[in-house]
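None of the figures in this text is laboratory data; all of them are computed from the coordinates on show. Here the structure is a predicted model, which is why all the values come from computation and not from measurement. Reconstructed Cβ throughout: ideal geometry from the backbone, glycine too, with neighbour counts over all protein chains shown.
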Amino acid sequence: MFFFDERWYLSRTDIARDVQRSGLRPEEHYHKIGAPFGSSPNRYFDEIWYRRTYADVRRQIKTGEFKSAFHHYIVRGAAEARDPNAAFDEKWYLSQYRDVAQAVRGGTFRCGYEHYLICGELEGRLPNRFKTRRDISPAAVYSPVVTRNPHVAPVHAIIDQSLSATPKLNVTLPSLQMKHMSGGPNTVLNIAYRLADSGIPVRLLSLNTTLDDNLEALRQHLQSITGIPRWLRNVEIATTTTQQNPARIGENDTFMASAWWTAQAIATVLPKMRQKRYWYVIQDFEPGLHEWGSEFAMALETYSHDILPIFNTTLLKEYFVSNRIGRFADSRSADEALVFEPAVDRAFFTPEPRFESRPLRLLFYARPASAKRNLFELGLAALEIAASEGVFSDAVWELRYMGDPLPATSLSRGVVIQPSAWLNYDGYARLLRQSDVLLSLMLSPHPSYPPLEMARSGGLVVTNTFDCKTETKLGLYSQNILAAEPSPAAIAKTVGGAVMQIQQRCGPRSSESSILPSNWDESLSGVIPSLLEIWATEQKNSAAA
């Protein structure tokens, strides 16, 4: 009970989702976010019940003497014979079982509850005077947490008047740790670093996590993804995870959001700023990441803020405009929005000869634990249908998972999907180049990166349609992309067609694209000059205000 149970902590869907979004390790999330908001660390200790029961503990948490009820229990509460939950009576247990009390006094056990969990329950001892072995897990009772901005880590910042004459672009990201560098954050960093290279002072702000001990890897990463072979001195790296380390912001600064929760965090700071509009890199319809609840509503609200939208793909912009989302109900907002198509690096993603010695390979981009919109269950059902119909029987096919860690999974007719080991970026690209078919689904208007990267690598991609994301429009990115309605039967049929093309050697087709840039210089050639012009205009207006 004196430990943090990661598996149990992540068993709650809302917590698991928030851990993923924050970029924190589960234990870091518990200490920084979960514990302050009343989450329990394991099934044996009830954080909310302990706070309600002991008023002095509530006061000590409020004053900062203890970080949580669990912290108090470990340091002082167990020794004071306090109860860890509603089902265990520490004082009664010690008085009822004298041998246990003696063992506690002798230091064999820290408290009676530890004895009960280790051996007392197995010995048939009772946890309380009511002679009942009630569930000792934390009560499944929701405890309200009062906050003006739920689900959002605030921007801890102070306005420094001495910085007013040297405004910066503050780029907010959930994390700047190297382990969290993926397609979305890399795209925002690519834009920010190029703006810095064009003369705009940039401050990169990590809202949810601390920084890596050594920032050199991040500096090298920024140079690598942009192709700018030097560290820019006008780029600052900082974190605002606590009130004890606030960022020092100039009142003429501008903010850039990278996700909806960073946008909501920025909104809390804007009243102190002269520049009320912020820049917003929109890379998906993010309410779709959540069920219809508070997070959905807060994500949706950000699209009505005073923003300069920067859309990742024309498809995504079209979805917002055609569905009149937020401020895009006004055609003027659509006209002001910037848009770019993501680049796929030909140095990593390019066709290579198929070796006859290796089996034909289908990759299934599967992320059931971390991304529901990737439709894992539908994809698995489609592969089961395809296997049962003998799609993989006429040739030697190897089916592999790619994404979340998953066990080997058996399908019909002896077909087995084997897991792939975790891969770095180079290993991921090599796996795509050496595969033939990729099943990569996403219930979103954005095409997502894996299909574009696989298509550029010369393989066939099976993905799904969604709203304006039609097969015709996906075909503009690459003729290697095959799209199906998001249903098991339709996906299975399209997978079968892709497999047949590969087996008959009439695929893959050309990896060229009519709209997909081959490098980020080309991708951002319109966006960067526009942002530089907007920056100059906004700074002129702020100075005149």
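Normalised by the residues of the chain, what does the relative contact order come to in percent, with Cα pairs under 8 Å and at least six apart?
10 percent
Per-residue counts of other Cβ atoms within 10 Å, averaged by peptide: what ranking do you get for 242-250, 294-302, highest first?
Order by mean packing, descending: 294-302, 242-250.
Hey, what do the phi angles of the range 66-76 turn into as Karplus ³J(HN,Hα) couplings, whole Hz, using 6.51/-1.76/1.60 and θ = phi - 60°, x for Gly and Pro?
10, 7, 6, 5, 4, 4, 4, 4, 5, 6, 9
Can you give the % of DSSP beta bridges in the chain that are antiparallel, to the nearest 5?
About 5 percent, rounded to the nearest 5.
I need two numbers for the range 157-340: Rg to one decimal and Dmax as a whole number, Cα atoms only, in Å.
Calculated on Cα positions, Rg and Dmax stand at 16.2, 46 Å.
Placing one identical point scatterer on every Cα of the chain and ignoring solvent, what is log10 I(q)/I(0) from the Debye formula at q = 0.06, 0.08, 0.13 Å⁻¹?
Log10 of I(q)/I(0), two decimals: -0.38, -0.65, -1.27.
What are the residues whose amide H is under 5 Å from the amide H of Val339, where those residues sit 5 or more places off or on another chain and H is modelled from the backbone?
It is Phe311, by chain and number.
Quick check on the range 360-503: take the gyration tensor over C-alpha atoms, sort the square-rooted eigenvalues as a ≥ b ≥ c, and tell me if it's rounded (a/c under 1.5), prolate or oblate.
Rounded, because the longest to shortest axis ratio a/c is under 1.5.
Remind me, relative contact order of the range 161-206 in percent, using alpha carbon pairs under 8 angstrom and six or more residues apart?
Once divided by the residue count of the range 161-206, the mean separation gives 62 percent.
Taking amide H positions as placed 1.01 Å from N in the peptide plane, with prolines and chain starts having none, which residues 5 or more places from Trp397, or on another chain, fall under 5 Å of its amide H?
none
Can you give the angle from 0 to 90° between the axis of helix 216-226 and the longest principal axis of the chain, with both taken from C-alpha atoms, to the nearest 10?
So the helix axis and the longest Cα principal axis differ by about 30 degrees.
Percent relative contact order of the range 6-120, based on C-alpha pairs within less than 8 angstrom and at least six residues apart?
16 percent
As I understand it, the value is the acute angle between the Cα axis of helix 260-269 and the longest principal axis of the Cα atoms of the chain; what does it come to in degrees, rounded to 10?
70 degrees
How much length is gained on full extension from Lys179 to Phe3, taking 0.36 nm per residue of separation minus their Cα-Cα distance?
Roughly 60.9 nm would be gained on extension.
Could you derive backbone 3J(HN,Hα) for the range 200-211 from the dihedral phi with the Karplus parameters 6.51, -1.76 and 1.60 (θ = phi - 60°), listing whole Hz in sequence and x where the residue is Gly or Pro?
Taking θ as phi minus 60°, the curve returns 7, x, 10, 10, 8, 10, 8, 8, 10, 9, 6, 8 Hz for the range 200-211.
Based on the alpha carbons, how large is the Rg to Rh ratio for the range 1-99 when Rh follows Kirkwood?
Over the Cα atoms of the range 1-99, Rg/Rh equals 1.01.
Starting from the Cα of Lys272, draw a straight line to each of the aspartates and glutamates and keep only those under 13 Å, dropping any in the same chain fewer than 8 residues away.
Within the straight-line cut-off, Lys272 pairs with Asp160, Glu251, Asp253.
Ranked highest first by the average count of other Cβ atoms within 10 Å around their residues, in what order do 197-203, 258-264 fall?
258-264, 197-203
Report, in degrees rounded to the nearest 10, the 0 to 90 angle that the Cα long axis of helix 183-197 makes with the longest principal axis of the chain.
The answer is roughly 70 degrees.
Nearest 0.05, what FRET efficiency do Ala543 and Ile237 give at R0 = 35 Å with Cβ-Cβ as r?
The pair Ala543/Ile237 has a calculated efficiency of 0.85.
I'd like the Karplus ³J(HN,Hα) series for the range 330-344: coefficients 6.51, -1.76, 1.60, θ = phi - 60°, whole numbers in Hz, and an x wherever there's a Gly or Pro.
9, 4, 5, 5, 5, 5, 7, 5, 9, 8, 9, 9, x, 8, 10
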